[in-house]
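Working notes, beginning with the structure itself.
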Amino acid sequence: MTSSFRGQIVILTACVTAFAMIALTIVLQLILADLSRTNVDTVLEDRADAVVSTVSNADRQGLAVTSAELDTGVVVYDAQGAPVAGVASSALEDIYDELSTTETTTYRTAGDTARVLALPFLSDAGDQGVVVLSERLSPYEAAERYALIVSIITGALATAAAAAIAAWVTTRALRPVSVLARTAKDWSEHDLSRRFELGAPSNEITSLAATLDTLLDKVSAAIHAEQRLTADLAHELRTPLTAVQGAADLALLQGGLPPHAQESLEEISAASHRMSETITTLLDVARNADSLRQAATCSIAAVVDDVTSNPAADGPGVEVRVEVDVDDHQVAAPHSVAVRALAPVLANALRFADSRVTVTVTASTTGMVDVVVEDDGPGVSGGDSEEIFEPGVSSTGGSGAGLGLSIGRRTARSVGGDLELDDAGPPTRFVLRLPLA
């Protein structure tokens with residue numbers, strides 16, 4: 001999902017929302033902490049003022065106040081810092097003693113448990129004193145903790161909701177783009193004449209459709225130009241090649257030739273036959289791929305038998321073992337085209353095999369027939385597995401022109417199949433895929 005544009009938008013939305021909720025939670029906690037401290041200080045001041053009012057209004061001399069008149073945790077000290085009334089909690093005794101002689105209003109926080117206020121005062125009778133009292137912070141801390149829990153839950157829900165909304169919105173927004181991409185890919189493989197034709201670009205989708213239409217026009221023009229060039233070259237080569245092949249065959253029929261001349265003519269005749277087959281293949285591939293797929297079907301078992309029984313497929317000291325699925329399969333390709341797609345693969349395997357080449361035919365679940373050609377040779381060394389399918393690239397130690405595998409792949413793709421290097425080996429394994437009829 002992260003590799004798709006939709007997934008990136010969803011993840012980015014979730015991250016931004018989570019960051020915003022974290023920042024909001026921190027700000028909220030800071031505000032609550034400041035409000036709690038302000039509220040505590042206000043409560044302490046009100047309680048201290050009430051104590052001072054009680055002491056000042058007493059109809060007695062001096063700081064005459066009893067502990068019964070004071071709340072728990074409230075202590076009144078005289079000018080010398082001696083306690084007059086009230087009892088401090090044991091945990092705050094040191095702080096109370098320290099603040100008993102203060103001359104200014106002083107606040108002190110005792111960890112996370114309490115906040116202490118020391119308020120100097122002068123009674124109506126003119127007596128000086130200090131009232132020291134505390135307020136527990138646990139109720140305020142609990143409120144902040146509950147607010148933090150609520151903020152975390154709200155943030156998680158908001159992040160999940162934002163991600164879900166982003167996924168829903170992007171799915172709806174990008175669905176037409178996905179449809180356009182799939183349709184354009186299907187047309188590029190099966191019908192280059194189709195176009196979207198959504199009219200003049202009015203938004204991003206119609207603009208994309210117009211761009212794809214232009215791209216399909218260029219692809220179609222390039223493929224048609226290549227097909228015309230291939231057909232023209234093949235026709236131009238066929239005439240002189242036929243003359244060479246005929247001359248070589250006639251010379252061989254005359255007999256009485258020296259051994260070296262006989263061998264040379266046989267090599268010329270064999271090479272011209274192979275070149276003629278290559279040109280025929282190029283002409284077939286230059287035809288429209290849909291026409292090739294619709295032209296005929298053939299038995300894959302017959303194709304394998306034809307290729308493996310060809311004398312040209314024999315190699316010195318190499319055993320060819322053919323394993324065919326019990327149920328024969330019909331492929332959507334003419335017999336000659338399927339043979340020309342498989343023959344270069346088998347010839348390549350025979351050239352490099354040490355003692356054995358195995359050909360196995362199985363039907364896959366993707367509507368294709370897989371013809372696996374495996375040899376026990378040294379394998380394909382170095383380079384990219386796709387490089388050996390480039391025209392003019394020969395395998396290590398090969399003596400060919402480097403066109404066999406390239407023509408084999410192109411022939412397979414012309415009928416909707418493919419040719420791939422499944423394992424560089426050793427053993428080396430090529431897979432020819434042809435569509436089921």
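In a fully extended conformation the segment linking D112 and L24 would gain 29.3 nm over its present Cα-Cα distance, using 0.36 nm per residue.
Each of T365 and T171 was given a label point 7 Å from its Cα along the Cα-to-Cβ line. The distance between the two points is 2.4 nm. Taking each residue as 0.36 nm, the span from Q330 to A424 lengthens on full extension beyond its C-alpha to C-alpha distance by 31.0 nm. Remark: the range 64-145 carries a charge dipole of roughly 200 debye about the Cα centre, counting +1 on each Lys and Arg Cβ and -1 on each Asp and Glu Cβ. Taking 0.36 nm per residue of separation and subtracting the Cα-Cα distance, full extension of the segment from V87 to S178 would add 25.0 nm.
Mind ordering 239-251, 413-425 by average Cβ neighbours within 10 Å, highest first?
Details: 239-251: 13.7, 413-425: 18.8.
Top of the packing list down: 413-425, 239-251.
What you get for the range 1-148, charging only the Cβ of Lys and Arg (+1) and of Asp and Glu (-1), is a dipole of about 1000 debye around the Cα centre. Stokes-Einstein diffusion of the range 1-123 at 25 °C, 0.890 mPa s viscosity, Kirkwood radius from Cα pairs, rounded to a whole number: 137 µm²/s.
Take the Cα of I223, step 7 Å toward its Cβ, do the same at T72, and the gap between the two points is 8.9 nm. The separation of the range 91-135 from the range 239-263, counted between C-alpha centres, amounts to 124 Å.
Backbone geometry of the range 7-20 corresponds, through the Karplus equation with coefficients 6.51, -1.76 and 1.60 at θ = phi - 60°, to 3J(HN,Hα) couplings of x, 5, 5, 4, 5, 4, 4, 4, 5, 5, 5, 4, 4, 5 Hz, x marking Gly and Pro.
Modelled spin-label separation between A261 and A79, with each label point placed 7 Å from Cα along the Cα-to-Cβ direction: 14.7 nm.
Readers should treat all values here as calculations from the given coordinates under stated rules, not as data from a laboratory. Please read all numbers here as calculations on a predicted model, not as lab measurements. Neighbour counts are summed over all protein chains in view; Cβ atoms, including those assigned to glycine, are modelled from backbone coordinates with ideal geometry.
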